[in-house]
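To start, the structure itself, in structure tokens.
The values are calculated or read from the model by the stated rules, or taken from the named source; none is laboratory data. For clarity, every value in this text was computed on a predicted model and none was experimentally measured. Here the Cβ positions follow ideal geometry from the backbone for every residue, glycine too, while neighbour counts run over all protein chains shown. Note: areas computed on protein heavy atoms with side chains; ligands, DNA, RNA excluded. Shrake-Rupley method; radii C 1.70, N 1.55, O 1.52, S 1.80 Å.
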Amino acid sequence: MTAIPLGVPRRLVEFTLDGQEARVPEGSTILDACRAAGKDVPTLCQGDTLTPKNACRVCVVELEGARTLVPACSRKAEAGMAVRTDTERARHSRKIVIELLASSVDLSTTPQVAGWIKEYEAKPDRFGPDAARLDEEPKIDNGLYVRDYDKCILCYKCVDACGDQWQNTFAISVAGRGFDARIAVEHDAPLTDSACVYCGNCIEVCPTGALSFRSEFDMRAAGTWDESAQTETTTVCAYCGVGCNLTLHVQDNEIVKVTSPHDNPVTHGNLCIKGRFGYQHVQNRD
Amino acid sequence: MDLHFGDSKPTDEERAAIDALLGPAESSWEGAARDEMRAADLRWARGGREARERRDLLLPGLHAVNDRIGWISEGALDYLCRRLTVPPAEAYGVATFYAMFSVKPRPATVLHMCTDLACAAAGAAELCAGVEARLGPGSGVGVERSPCLGLCERAPAALAVRAGDPVRTAVSAPTTVAWAAMAASAPDSAPEEPPAAFAVPQAGDPSLVLLSRVGVVDPASLDDYRAHGGYAALRRAFALGPAGVIREVTDAGLVGRGGAAFPTGRKWQATASQPDHPHYLVCNADESEPGTFKDRVVMEGDPYALVEAMTVAAYAVGAHKGYLYLRGEYPRALHRMEHAIGQARARGLLGEDVLGQGYAFDIEIRRGAGAYICGEETALFNSIEGYRGEPRSKPPFPVEKGLFGKPTAENNVETLVNVLPILTRGAEAYAAIGTPGSTGPKLYCVSGSVDRPGIYELPFGSTLGELLELAGVRERLRAVLLGGAAGGFVRPDELDIPLTFEGTRAAGTTLGSGVVMAFDETVPLPRLLLRIAEFFRDESCGQCVPCRVGTVRQEEALHRIAERTGAAAADDIALLREVGRAMRDASICGLGQTAWNAVESAIDRLGAYE
């Protein structure tokens, strides 16, 4: 299968993907090519609205002639490459990476990961009961959102979304290093003392639920969160004239969270504090 | 960018430390006191893009505060951020990345006690315990266990740093509880270090090429350097022209000595031919590989050689600015290089018009702050630019997009000083040294169970046994670590391995950074392996999962099998192998890819847990 984009035509790059001819527009990544060819390569830190950081290394594939495996999400396809996505070597690395992650953080709210654990026969428990993990209480220091570091895989997506890729607020960064590295605001302060403007764009891109709406967090704690009972309605934000799209997630006739469609050409999934969190007036029934 | 700065203010001393680097703040927009409203405050905000473009001064700024106060407070960090228009969250991320900085109050004097391989083998653990007992709370000294201080020939080693204006340092090696305590309590009156030549047992040997001047010239005298053949290479370089220099280096067959063995001429050619400008030259003097200290000895003993070699390299690749990234744990090398660069500048050998040839080049020194990963070339760029020292993914390669996103040639100290004999002797004469596959002389850092530890220079092709004999290897040799913590162990019956890139490769090991560390039977191997695992766990930047978590899981497994052997250890060894394989295959950079090498070789070649 061949991926052809709409818009200005670009040169096509020809290479082989699992022995089959693949043609993708110049500038496409190996992952783009895989998806166009209907191949399933797992990814965690890759985001559709962000430049790939290739930190999680779940999407590694084998590139002929390369000493190491390469991350499919950020390696650009080049003419003449020979890529194999499903070799024993690539599968081994993916399995270990999933095991390492699942043994060190809580992936219970990470979509798709349960399936990959099964598919790659990962056994996160085999590092023993004493395997180091964070074990930290969620940080609830404001009314809008919760930071649960126990679920954080350090994918850098929130840092990129808060920084120069979208929000330009630069309220969060990675502090410390190695296993002790943590996403943090300046001086590791509470969010309320930081530069955070509560746009919630970091929640929008978080792949694991380490960042979540206070509403979702409270409902999960109470056992009332039920995604299957939710409806999603995309509408236009009423606060100002920009016209951002909001997707309202409604459960039991209450808005439980607000996201934004990533394919919107204006906002690409980003909102401000009002659009993201200012929905109480809709359902204020006093 | 709408930056938010907290309410915390710097103390007068913190402000003075930062202002000494950046000059006084001109308006309250960039942190000047608000008590007297200045005209500038009312009309426009200075700073902005102009300040943001000085982001690379973040690391020097953090050093300025850390040197003066001993730690970096919220007020100091916020003030520095205002001055440079850097988001405080990012600056906090940078400050907490480096081991030598603290964002929590600590005593003004910190004693760094080396606990790495050579020092561990020389009894660092007992020494640390003794020093901690002596310098307990109330002594005003913070004792911190440190990774390799690069003083392996004088193990065990300690480095005392006392904050103040100026900062005072004292190196004590080989040290004892009493000596270390003295260095910490009175760094100014601590006995002077032995001269650099002390680390070169062959000093004065006329056959030396790279080390010929160490111990012979006065490292403080430019005239003495010139009297010993200095600046002949640069003159020849100007005569040859940039392309001619690259041709000589290529014909000489010089390859990088940092461990990767990449052909230097090819790297320079690729940089020189980039249409994007400016080009940069970066000298990687962040040698933090446990067991490596050759760059320190070269910089301490023959600093002008590096200045000259950097000038030649920059001329070849078309760079007008060079950065010398020097590891933070080398106070004497820093002073010597600062002095040498200053003298060269004063005498027209650096600056607008080098040697009157109309070529402009200058060198800026950047101090690292305790992070092994910053020896990785792209992490080093990030560190200079004022970001966390995390490696970038390649491609693009540095020759295309390196420092500040511009074409950059990066070489380590040993590689660069090889350029001098290539130019003075000619490519052919240089290539005649060594073997056809590995040309030239090579420096080795020999330490551990030998009588004469130090830096040795031998032509490529000598065997491991010959080198060890030169250094006086002791009886009952148990193992030799080749290439440092990222290298591999070999057995005492493998001493005929030829020390060449192709020879070590054929023997299934690596020359790495030139480390040769001998361990006799008194050294507890499992504890050594544990230290290697601990080192990599500590030094992983944390960016990618295989390295960040993999190094931890490996260390855990090694703890579990520390006292076990044979079948009892089999499952954990299998686990080590599986994790190690994924780390080698899937990590972003060389740190994660090589972190498991030494332990694996100890299991396979030495039968460490059989």
Between the range A:240-261 and the range B:398-457, what is the C-alpha centre distance in whole Å?
62
Sparse-neighbourhood loop sites, trypsin sites (Lys or Arg not before Pro) in the range B:544-588 - DSSP loop, at most 14 other Cβ within 10 angstrom:
B:564
Enumerate the amide H contacts of residue B:362 below 5 Å, restricted to partners 5 or more residues apart or on another chain; note that Pro and chain-start residues carry no placed amide H.
B:321, B:322, B:351
I need two numbers for the range B:513-553: Rg to one decimal and Dmax as a whole number, Cα atoms only, in Å.
13.0, 38
Applying the Karplus parametrisation 6.51 cos²θ - 1.76 cosθ + 1.60 with θ = phi - 60° to the phi angles of the range B:62-74, what ³J(HN,Hα) value in whole Hz is obtained for each residue in order, glycine and proline being reported as x?
5, 4, 4, 6, 4, 5, 7, 9, x, 7, 10, 7, 4
Largest-first principal axis extents of the Cα set of the protein assembly as shown (Å)
92, 74, 64
What 222 nm value per residue comes from the helices of chain B, counting each DSSP H run with n ≥ 4 as -39,500 (n - 2.57) and dividing by all residues, nearest 500 deg cm²/dmol?
-12500 deg cm²/dmol
Give me log10 I(q)/I(0) at q = 0.13, 0.14, 0.17 Å⁻¹ for the range B:302-345, Debye formula, one equal scatterer per alpha-carbon, no solvent.
-0.29, -0.33, -0.48
Of A:95/B:267; A:95/A:151; A:95/B:104; A:53/A:118; B:406/B:442, which pairs sit farther than 28 Å apart, going by alpha carbon to alpha carbon?
A:95/B:267; A:95/B:104; B:406/B:442
Please report, largest first and rounded to whole Å, the three semi-axes of the ellipsoid equivalent to the range B:332-399, where each semi-axis is the square root of five times an eigenvalue of the C-alpha gyration tensor.
29, 17, 8
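Checking a compactness column here: for the range A:49-168, what do you get for Rg(Cα) / (2.2 N^0.38 Å), N being the number of residues?
Against the compact-globule rule of thumb, the ratio is 1.24.
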Value in Å of the Kirkwood radius, where the range A:3-112 supplies the Cα pairs that are averaged
14.6
Residue-normalised value, i.e. accessible area per residue, for the range B:479-531 at 1.4 Å probe, in Å², stands at 31
Packing-based ranking, highest mean first, of B:569-576, B:170-177 given that Cβ atoms within 10 Å are counted
B:170-177, B:569-576
Label the range A:223-286 by shape, choosing from rounded, prolate and oblate, from the square roots a ≥ b ≥ c of the eigenvalues of the Cα gyration tensor; if a/c is under 1.5 it is rounded, and otherwise prolate applies when a/b is larger than b/c, oblate when it is not.
oblate
Out of all DSSP beta bridges with both ends in the range B:313-380, state the antiparallel percent to the nearest 5.
25
Can you work out the Karplus-derived ³J(HN,Hα) for every residue in the range B:307-318? Use 6.51 cos²θ - 1.76 cosθ + 1.60 with θ = phi - 60°, whole Hz, and x for glycine or proline.
4, 5, 5, 5, 5, 4, 4, 5, 4, 5, 8, x
Using a 1.4 Å probe over the heavy atoms of the protein chains, calculate the carbon and sulfur portion of the accessible area of the range B:125-279 as a whole percent.
55
For a quick size check, give me the Cα extents of chain A along its three principal axes, largest first, whole Å.
65, 53, 38
What ranking, highest mean first, results for peptides B:270-281, A:140-151, B:484-495 when packing means the other Cβ atoms within 10 Å averaged over each residue?
B:484-495, A:140-151, B:270-281
0 to 90° range, to nearest 10: angle between helix A:88-104 axis and chain A longest Cα axis
20
Selection of GluC sites (Glu not before Pro), the range B:49-79, meeting DSSP coil and at most 15 other Cβ within 10 Å
B:53
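Once Rh for the range B:54-96 is found with the Kirkwood sum over Cα pairs, what is the Stokes-Einstein diffusion coefficient at 37 °C and 0.692 mPa s, in µm²/s?
Roughly 329 µm²/s, to the nearest whole number.
Charges at C-beta only: +1 for Lys and Arg, -1 for Asp and Glu. How large is the resulting dipole of the protein assembly as shown about its Cα centre, in Debye rounded to 20?
The dipole magnitude comes to about 1080 debye.
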Grab the eigenvalues of the alpha-carbon gyration tensor for the range B:216-285, scale each by 5, take roots, and send me the semi-axes largest first in whole angstrom.
26, 16, 14
Could you point to the residue in B:438, B:225, B:311 farthest towards the positive end of chain B's charge dipole, with +1 and -1 charges on the Cβ of Lys/Arg and Asp/Glu respectively?
B:311
Any idea what log10 I(q)/I(0) is at q = 0.14, 0.27 Å⁻¹ for the range B:319-368, Debye with uniform C-alpha scatterers and no solvent?
-0.36, -0.96
In percent, how large is the relative contact order of the range B:556-599, given Cα pairs closer than 8 Å and 6 or more residues apart?
27
Counting only C-alpha contacts under 8 Å and six or more residues apart, can you give the relative contact order of chain B as a whole percent?
12
Output row, site residue A:11, 7 Å Cα→C-beta label point, backbone N cut-off 14 Å, window the range B:362-397, residues none
About its Cα centre, chain A carries a charge dipole, from +1 on Lys and Arg Cβ atoms and -1 on Asp and Glu Cβ atoms, whose size in debye to the nearest 20 is 700
Can you give the mean number of other chain Cβ atoms that lie within 10 Å of the Cβ atoms in peptide A:56-66?
2
Calculate, for residue B:207 and residue A:87, the FRET efficiency according to 1/(1 + (r/R0)^6) with r their C-beta to C-beta distance and R0 60 Å; round to the nearest 0.05.
0.75
For peptide A:182-195, compute the average count of partner chain beta-carbon atoms within 10 Å of each residue's beta-carbon.
5
Dipole of chain B [Lys/Arg +1, Asp/Glu -1 at C-beta], most positive-end residue of B:194, B:174, B:516:
B:516
Contact order relative to length for chain A, counting C-alpha pairs under 8 Å separated by 6 or more residues, stands in percent at 12
Using only protein heavy atoms and a 1.4 Å probe, how much accessible area in total is buried between B and A, to the nearest 100 Å²?
4000
What GluC sites (Glu not before Pro) does the range A:1-70 have in DSSP loop regions with at most 15 other beta carbons within 10 Å?
A:26, A:64
So what are the range B:472-610's ellipsoid semi-axes, whole angstrom, largest first, if each one is the square root of 5 times an eigenvalue of the alpha-carbon gyration tensor?
24, 19, 13
Just how far, in whole angstrom, is the range B:480-552 from the range B:193-218 if you go by their alpha carbon centroids?
28
Between the range B:238-310 and the range A:140-168, the alpha-carbon center distance in angstrom:
41
Rounded to two decimals, the Rg over Rh value of the range B:172-312 from Cα coordinates and the Kirkwood Rh reads 1.05
Suppose each label sits 7 Å from its Cα in the direction of the beta carbon; what would the residue A:126-residue B:562 distance come out to in nanometres?
2.5
For the range B:276-429, the Rg and Dmax computed from alpha carbons only, in angstrom:
14.9, 43
How large is ³J(HN,Hα), in whole Hz, for each residue of the range B:546-554 in order, when computed from phi with the Karplus curve 6.51 cos²θ - 1.76 cosθ + 1.60 and θ = phi - 60°, using x for Gly and Pro?
x, 7, 4, 8, x, 5, 5, 5, 5
Which whole number gives the average, over all residues in B:585-596, of C-beta atoms from other chains lying within 10 Å of the residue C-beta?
4
Chain B: D in µm²/s via Stokes-Einstein (Kirkwood Rh, Cα pairs, 20 °C, 1.002 mPa s)?
86
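Taking all pairs of distinct Cα atoms, average 1/r, flip it, and tell me the Kirkwood hydrodynamic radius of the range B:453-522 in Å to one decimal place.
Its Kirkwood hydrodynamic radius stands at 11.9 Å.
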Å² per residue, accessible surface of the range A:14-110 at 1.4 Å
37
Relative to the Cα centre, what is the charge dipole magnitude of the range B:420-485, using +1 at the beta carbon of each Lys and Arg, -1 at the beta carbon of each Asp and Glu, and rounding to the nearest 20 debye?
180
